[in-house]
Amino acid sequence: MDFSRDDLVEAKRQIDSTLHKLRETIKTFESKENAERYKSQITLAKRRVKAFEIANWFIENELDK
């Protein structure tokens, strides 16, 4: 698929915003008194962060072309 530069820039902006929110969510869960109780949510959020970082990497590479 071909995407315009504007599409890629907007996608990156949205991913960056979501990454920020996910990282804040992880901090919140990890700072809870009983963080072990939130282990599955923390794991899920970390996996999502990794997936969005990969997507961002691909977008950045495409923008650099």
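No lab work stands behind these numbers, since they all come straight from the coordinates. The model shown is predicted, which means the values in this text are computed figures rather than measured ones. Cβ sites come from the backbone with ideal geometry, for glycine too, and all protein chains shown count toward neighbours.
Can you tell me how many residues within the range 1-28 are surrounded by 15 or more Cβ atoms within 10 Å (Cβ to Cβ) and either among the aliphatic types (A, V, I, L, M) or more than 30 Å from ASN61 (Cα to Cα) (or both)?
Result for the range 1-28: 6.
Taking the options LYS65, LYS32, name whichever one is over 8 Å from the mean Cα position of the chain (by Cα), surrounded by 11 or more Cβ atoms within 10 Å (Cβ to Cβ) and of a type in the set (Lys, Arg).
Working: LYS65 fails: surrounded by 11 or more Cβ atoms within 10 Å (Cβ to Cβ).
LYS32 is the lone residue from the list that is over 8 Å from the mean Cα position of the chain (by Cα), surrounded by 11 or more Cβ atoms within 10 Å (Cβ to Cβ) and of a type in the set (Lys, Arg).
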